[in-house]
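*Asks:* Have a look at this one.
Where a number appears in this text, it was derived from the coordinates with a stated rule and is not lab data. The structure displayed is predicted, hence computed values, not measured ones. Positions of Cβ are generated from backbone atoms using ideal geometry, with glycine treated the same way; all protein chains shown enter the neighbour counts.
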Amino acid sequence: MNPIQIAIDGPASAGKSTIAKILATDLNFIYVDTGAMYRVVTLAAMREDLALQDEAAVTALLPNINISFKPGNPVQRVFLNNEEVTDEIRSVEVTANVSTVSAYAAVRQAMTDLQREIAAAGGVVMDGRDIGTTVLPNAAVKIFLIASVHERAVRRFKENQAKGMDTTLDDLEVAIEKRDYLDSHREISPLKKASDAVELDTTGLSIEEVVNKVKAIIETK
Ligand code: C5P
């Protein structure tokens, strides 16, 4: 397959990273988890004990934050200044604060620059909230994955249980709705379906069914 850009956007826990990873492996493309990048910046700010509402203080940290990835199984490994933070960036606390940090202009600019730099290397599958609209507006394939809030919370609940994380389904539903609201109502690059993206509702579908549907869309391009 020619090295094309595939953008996969959608709300929290819609299955974007699961699908994107499988596609990248099958196509031998680079996989970029852009949510992980915003999570790393959030973790770095939390470790400094910054008031996360203080945009100037958070953005002043950016020059000291180096984000990198290494292949890993089942998840890609994520590093903050060479320290592995793969698990820490998925904590309930980072998840609860990431939408505040990701709304800041300088944070978005720095992450967008890094994402475009990585994408320039060749075929790429990138997942996030603004890939089709902002980061890779010329991507050959744009998918907007959605699923009901309940189903997304159930999926996250099962993932958390498998990791030994103690969360309730009700709390997860509330957290997911709040994050979607903040992500889709921020001023810069809000979560939004690109006008040329194909929307796919994954409610009730297995991972394999979603992958096959996305591959069918890729084949039409
Ligand atoms: O995809 P994930 O749930 O890990 O993303 C974490 C958060 O990072 C999102 O809730 C959003 O605030 C932010 N994000 C973003 N733009 C992206 C990817 C993620 O603002 N492209």
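*Asks:* Could you pull out the residue among Ile131, Ile89 that is within 14 Å of the chain's Cα centre (by Cα), within 11 Å of the ligand (Cβ to nearest atom) and more than 18 Å from Lys192 (Cα to Cα)? Outline the logic, then answer.
*Replies:* Numbers: Ile131 fails: more than 18 Å from Lys192 (Cα to Cα).
Unique residue meeting the criteria: Ile89.
*Asks:* Here's a follow-up. Can you spot a residue in the range 49-70 that is farther than 30 Å from Ile217 by Cα, within 13 Å of the ligand (Cβ to nearest atom) and more than 15 Å from the chain's Cα centre (by Cα)?
*Replies:* Yes, the range 49-70 has at least one match.
*Asks:* Name the strands (runs of 3 or more DSSP E) wholly within the range 119-221 that hold at least 2 residues that are farther than 18 Å from Asp33 by Cα?
*Replies:* Values: elements: 124-128, 141-146, 198-201.
Correct list: 198-201.
*Asks:* Every residue in the range 15-29 that is in contact with a helix residue (DSSP H, G or I) (Cβ under 7 Å, 6 or more places away or on another chain) and of a type in the set (Gly, Ala, Ser), please.
*Replies:* Within the range 15-29, Gly15 is the sole residue that qualifies.
*Asks:* Quick check on my filter: what residues within the range 79-108 are farther than 21 Å from Leu191 by Cβ and touching a strand residue (DSSP E or B) at 6+ places or on another chain (Cβ under 7 Å)?
*Replies:* Listed by number, the residues that qualify are Phe79, Leu80, Glu84, Val85, Thr86.
*Asks:* Since Arg108 meets every condition but one in (1) over 19 Å from Ala7 (Cα atoms); (2) within 10 Å of the ligand (Cβ to nearest atom), which condition does it not meet?
*Replies:* (1)
*Asks:* Out of the residues in the range 154-190 that are surrounded by 16 or more Cβ atoms within 10 Å (Cβ to Cβ) and of a type in the set (D, E, K, R), which is farthest from the ligand (Cβ to nearest atom)?
*Replies:* Among those residues, the one meeting the criterion is Glu173.
*Asks:* What are the residues in the range 1-60 that are in contact with a Leu (Cβ under 8 Å, 6 or more places away or on another chain), among the aliphatic types (A, V, I, L, M) and not in a helix (DSSP H, G or I), if any?
*Replies:* Correct list: Met1, Ile6, Ala7, Ile8, Ala14, Leu50.
*Asks:* Name the pairs whose Cβ atoms lie under 6 Å apart, with the first residue in the range 3-26 and over 22 Å from Ser148 (Cα atoms), the second within 12 Å of the ligand (Cβ to nearest atom), and 6 or more positions between them or separate chains?
*Replies:* Once the first residue is over 22 Å from Ser148 (Cα atoms) and sits in the range 3-26, its partners that are within 12 Å of the ligand (Cβ to nearest atom) give Gln5/Leu136.
*Asks:* Only one of these conditions is not met by Lys142: (1) of a type in the set (Lys, Arg); (2) free of Cβ contacts under 8 Å to residues at least 24 places away in the same chain; (3) under 23 Å from Asp26 (Cα atoms). Which number is it?
*Replies:* Of the numbered conditions (1) of a type in the set (Lys, Arg); (2) free of Cβ contacts under 8 Å to residues at least 24 places away in the same chain; (3) under 23 Å from Asp26 (Cα atoms), the odd one out for Lys142 is (2).
*Asks:* Cβ-Cβ distance below 8 Å, separation of 6 or more or different chains: which pairs start in the range 64-78 with a residue that is in contact (Cβ under 8 Å) with a residue 12 or more places away in the chain and closer than 18 Å to Ala44 by Cβ and end on one that is surrounded by fewer than 12 Cβ atoms within 10 Å (Cβ to Cβ) and of a type in the set (Ser, Thr, Tyr)?
*Replies:* Matching pairs, first to second residue: none at all.
*Asks:* Looking at the structure I just gave you, is Glu173 more than 20 Å from Lys21 (Cβ to Cβ), touching a residue at least 60 places away in the same chain (Cβ under 8 Å) and more than 17 Å from the chain's Cα centre (by Cα)? Don't jump to the end; show me each part of the working.
*Replies:* Numbers: more than 20 Å from Lys21 (Cβ to Cβ): yes; touching a residue at least 60 places away in the same chain (Cβ under 8 Å): no; more than 17 Å from the chain's Cα centre (by Cα): yes.
For Glu173, the condition - more than 20 Å from Lys21 (Cβ to Cβ), touching a residue at least 60 places away in the same chain (Cβ under 8 Å) and more than 17 Å from the chain's Cα centre (by Cα) - is not met.
*Asks:* Return the residues of the range 23-48 that are more than 16 Å from the ligand (Cβ to nearest atom) and either under 16 Å from Lys70 (Cα atoms) or small (Gly, Ala, Ser) (or both); say none if nothing qualifies.
*Replies:* Thr25, Asn28, Phe29
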